[in-house]
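The values are calculated or read from the model by the stated rules, or taken from the named source; none is laboratory data. Bear in mind that the values here come from a model prediction, so they are computed numbers and not experimental data. For neighbour counting, all protein chains shown are included, and Cβ atoms are generated from backbone atoms with ideal geometry for every residue, glycine included. Note: areas computed on protein heavy atoms with side chains; ligands, DNA, RNA excluded. Shrake-Rupley method; radii C 1.70, N 1.55, O 1.52, S 1.80 Å.
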Amino acid sequence: MSEAARRLTRADGRPRAPVRILHLGLGNFVRAHMCWYTEHAPDAGMWGIAAFSGRTATHVEDLRGQGEVYSLLAQSRAPSLEVVSSVAGVHAADDMAAWRAYASDPAVSLITSSITEAGYVRTGAGDLDESLEQVRADVAALRADSEAPVATAPGKFVSALVARRSAGGGPITFVPCDNVVGSGAMVRTVVTQMAALVDPTLGSWIDDNVAVISSMVDRITPATRDADIAQVEAMAGWHDPALVVTEAFSEWVLAGEFAGPRPAWEEAGARVVADVTPFEDRKLWLLNGAHSLMAYTGPLRGRMTVGEAIADPVIASWVDQWWDEAGARLDMASQDVTAYRSALLDRFANPAMKDPLSRIAADGSQKIPIRLIPTIRADLAAGRDARAGLRGVAAWVAHVRGLSTPVADARQEEVVALGEGTWEESVAKVVSFMGLPSEVVPVVMELVEEVTGRTSR
Ligand code: CS2
């Protein structure tokens, strides 16, 4: 921090708005996205967000130290900087008393979440994963005492609903902001399943009082680097350890009936549609699918950021082949797919963004099944070879065998086991883990050789 730099204060932004949105997961992404849309809604002055950190307590103290406001730097050739004021309260994950108090307040009409794919603790089939120790612990805790501390997101959601029911807080709407398919149905499933385990009388209250929205969220938001903080210091004269760096592009598409009021997000650029599925597919397959493909192939060719990967002609051709494969399945006019692909190339190549592939590589066990596997399955069913998607699976085999930087995964133990044994064994285990037919093993072996440059012969 240079001597001239000062800290941000609430006076740098708008006054705190009354809290009407309860949010779980305080990562950078949501601060570049839902909080930003709320900031830009014309009724922002009526919608404050109480944000609770998820698994990590990042930035709770930093944000509190500057009256919850933070700077957002949209990186492009002409970077733009703004102060976002929509967050009105910041809490650590374990502040359950505050969590329940907000949930009980009739003025709060929305529960939003941004906790990554893994945060919803689901099985591969999409149900609440009751085999997980933390899920079982939350169920036991809430059964014994509805005010008990809990750790999982479904546990927190149910704890919020129990508090709201007993306070007579009225209807409430969940708005998940994560990269999952059918996000509304997904939240409804994990919440009702957790509720049924905790208190069988809660289900009918949920039916009558809880709405869920499905949403497609998009804005590439890497972790903030010291160099970014220094750039803002030079641009604006303040030192902001809670700075968020993002791209200029952003997209938010929502579908579903709200049970109560919400900010006029559409006036800030969000779209409300009848069916979010085509938007989810387009984004998850083309953007996130390509991201995952680059995340695992890139390091094998010495590429460590998205920009470096997409500048490598070999990787760019793999991405292109993937887009041909996945794009063909989209329920969209082909010129729209072409335009989206070309916009993605610009976004990936953004020279002002340094997005490390290791960020994207995390939680592959949760991401690959959503991003690559549906297209691979459809191709195989149609008798096509599915190589472009299987290449991503092959590169993940190399990743779980330790050929690229280790990253966190929600299913760490299983992932470690997948990497053990011979290459052939790993490939067979990964193919089965991904629910693919064993016939693809030889193709994946070939692709392993292609992406790693190793040969078994
Ligand atoms: C990325 C996403 O984490 C990842 O795997 O693919 O965070 C991606 O940057 C966002 O979905 C963009 O909207």
Of all residues in the stretch 330-353 being outside any helix (DSSP H, G or I) and more than 13 Å from the ligand (Cβ to nearest atom), the one that is farthest from ALA295 (Cα to Cα): ALA333
Filter result for ALA32 (closer than 18 Å to GLU82 by Cα and under 26 Å from the mean Cα position of the chain (by Cα)): yes
Within the stretch 228-256, considering residues that are part of a strand (DSSP E or B) and charged (D, E, K, R), the one nearest to LYS354 (Cα to Cα): GLU247
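Table: residues versus (1) in contact with a Phe, Trp or Tyr (Cβ under 8 Å, 6 or more places away or on another chain); (2) more than 15 Å from the ligand (Cβ to nearest atom).
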{"residue": "PRO263", "(1), (2)": "yes, yes"}
{"residue": "ALA290", "(1), (2)": "yes, no"}
{"residue": "TYR296", "(1), (2)": "yes, no"}
{"residue": "GLY302", "(1), (2)": "no, yes"}
{"residue": "THR305", "(1), (2)": "no, no"}
Out of the residues in the stretch 228-241 that are in contact with a Lys or Arg (Cβ under 8 Å, 6 or more places away or on another chain) and not aromatic (Phe, Trp, Tyr), state the one that is least open to solvent (accessible area, probe 1.4 Å). ASP240
Looking at the stretch 398-411, can you tell me whether even one residue there is assigned to a helix (DSSP H, G or I), in contact with a helix residue (DSSP H, G or I) (Cβ under 7 Å, 6 or more places away or on another chain) and open to solvent by 30 Å² or more (accessible area, probe 1.4 Å)? no
Among the numbered criteria (1) within 16 Å of the ligand (Cβ to nearest atom); (2) in contact with a Phe, Trp or Tyr (Cβ under 8 Å, 6 or more places away or on another chain), which single criterion is violated by PHE249? (2)
Quick one: in the stretch 354-375, of everything that is near the ligand (Cβ under 10 Å from one of its atoms) and assigned to a loop (DSSP other than H, G, I, E, B), which residue is surrounded by the fewest Cβ atoms within 10 Å (Cβ to Cβ)? ALA362
Which listed residue, of ALA417, ALA395, ALA388, ALA378, is over 21 Å from the mean Cα position of the chain (by Cα), part of a helix (DSSP H, G or I) and within 16 Å of the ligand (Cβ to nearest atom): ALA395
So is ALA223 within 16 Å of the ligand (Cβ to nearest atom) and within 19 Å of the chain's Cα centre (by Cα) or not? yes
Checked the stretch 302-315 for anything surrounded by fewer than 16 Cβ atoms within 10 Å (Cβ to Cβ) and either within 21 Å of ARG387 (Cα to Cα) or modelled with pLDDT under 95 (or both); matches are PRO313, VAL314
Tell me which strands (runs of 3 or more DSSP E) are completely within the stretch 127-227 and hold 1 or more residues being out of contact with any Gly (no Cβ under 7 Å at 6 or more places or on another chain) and without any contact (Cβ under 8 Å) to a residue 60 or more places away in the chain, or say none if there are none. 210-212
Given the condition assigned to a helix (DSSP H, G or I) and either surrounded by 20 or more Cβ atoms within 10 Å (Cβ to Cβ) or modelled with pLDDT under 95 (or both), answer yes or no: does some residue in the stretch 257-271 qualify? yes
Taking the stretch 259-283 and keeping only residues that are of a type in the set (D, E, K, R) and touching a residue at least 24 places away in the same chain (Cβ under 8 Å), one is left with ARG262, GLU267, GLU280, ASP281, ARG282, LYS283
Within the stretch 74-127, residues of a type in the set (A, V, I, L, M, F, W, C) and open to solvent by 40 Å² or more (accessible area, probe 1.4 Å) come out as ALA78, LEU81, ALA97, ALA101, ALA107, ALA125
Considering only the stretch 284-295, I want to know if a residue exists there that is free of Cβ contacts under 8 Å to residues at least 24 places away in the same chain, open to solvent by less than 30 Å² (accessible area, probe 1.4 Å) and touching a strand residue (DSSP E or B) at 6+ places or on another chain (Cβ under 8 Å). no
